[in-house]
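Trainee: Dumping the structure here so I can ask a few things about it.
Bear in mind these aren't lab numbers, they're just calculated from the coordinates by the rules spelled out. What you see is a predicted model; the values in this text were computed from it and never measured. All Cβ positions, even for glycine, are placed from backbone atoms using ideal geometry, and neighbour counts span all protein chains on display.
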Amino acid sequence: MAENKAQNKEEKKVQSIIRIAGRDIDGSLPIYRALFKIKGIGLNMANALTYSIGKKLSIPASAKLGELSEKQIESIEEIIKKPAEYSVPRYMLNKRKDFETGADVHYVGNDLTFSIRQDVNREVNLRTWKGYRHQYGQKVRGQHTRSTGRTGATMGVVKKSALKPTAPAASKSSK
């Protein structure tokens, strides 16, 4: 009886911090909320991955991340790295028809940052219009630039009634 209780306590041991996809995540979060904390996984992708995890590993979506075993966490990482192989729709991937490989992949964490940087550098080197806009720090996707996106003070129109003429300062003449 005492051995049985000791085994239950060992099984219920919750890890406080779990490392998934290069990110430290709070172990008290449910799986779908924990996945949302990883860079490159939004709300819809987290829900799709949670569904795939539940289907493949038969883990409920409300299960706490810290309660999972190391083997289950490794399986979750595998699903995050290759979501297309685990019934996640192709349109949810963030890199469809990759420029170099032509494959559909989903980048997360530092891989996503590196991929975006490489794409921008390729545009700049090819001297495309998007590359030119990136190079000079301008808006790339057709946004207005006259009144938005300014760094520092905003520009505006001042009405004439707001401008009060200032009296010329009396100059001292030295005698």
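Trainee: Which ordering of Ser69, Ser161 is given by a fewest-first count of other beta-carbon atoms within 10 Å?
Mentor: Final ranking by Cβ density, sparse to dense: Ser161, Ser69.
Trainee: Suppose R0 equals 41 Å; then what is the FRET efficiency for Arg90 and Arg19 from their Cβ-Cβ distance, rounded to the nearest 0.05?
Mentor: 0.90
Trainee: To the nearest 20 Debye, how big is the dipole of segment 12-91 about its Cα centre, given +1 on the beta carbon of each Lys and Arg and -1 on that of each Asp and Glu?
Mentor: 100 debye
Trainee: Please list 3J(HN,Hα) in residue order for segment 87-92, calculated via the Karplus relation 6.51 cos²θ - 1.76 cosθ + 1.60 where θ = phi - 60°; whole Hz, with x for glycine and proline.
Mentor: Computed from phi, the couplings for segment 87-92 are 6, 8, x, 4, 5, 8 Hz.
Trainee: Pull up all non-local amide H partners of Lys95: gap of 5 or more, or a different chain, and H-to-H distance under 5 Å with H placed in the peptide plane.
Mentor: Under 5 Å from the amide H of Lys95 lie the amide H atoms of Val105, Tyr107, each far enough along the sequence or on another chain.
Trainee: At a Förster distance of 35 Å, what's the computed FRET efficiency of Lys164 paired with Val140, Cβ-Cβ distance as r, to 0.05?
Mentor: After rounding to 0.05, the efficiency reads 0.25.
Trainee: Counting other beta carbons within 10 Å of each Cβ, put His134, His144 in order, fewest first.
Mentor: Least to most surrounded, the residues fall as His144, His134.
Trainee: Let me ask something additional. Neighbouring Cβ atoms within 10 Å as the yardstick, rank Leu35, Leu163 fewest first.
Mentor: Leu163, Leu35
Trainee: Distance in nm between label sites at Ser28 and Arg127, each 7 Å beyond Cα in the beta-carbon direction?
Mentor: 5.8 nm
Trainee: Taking the Cβ of Arg133 as the center, what net charge do the other residues with Cβ under 11 Å away carry, scoring Lys and Arg +1 and Asp and Glu -1?
Mentor: Summing Lys and Arg as +1 and Asp and Glu as -1 gives +2.
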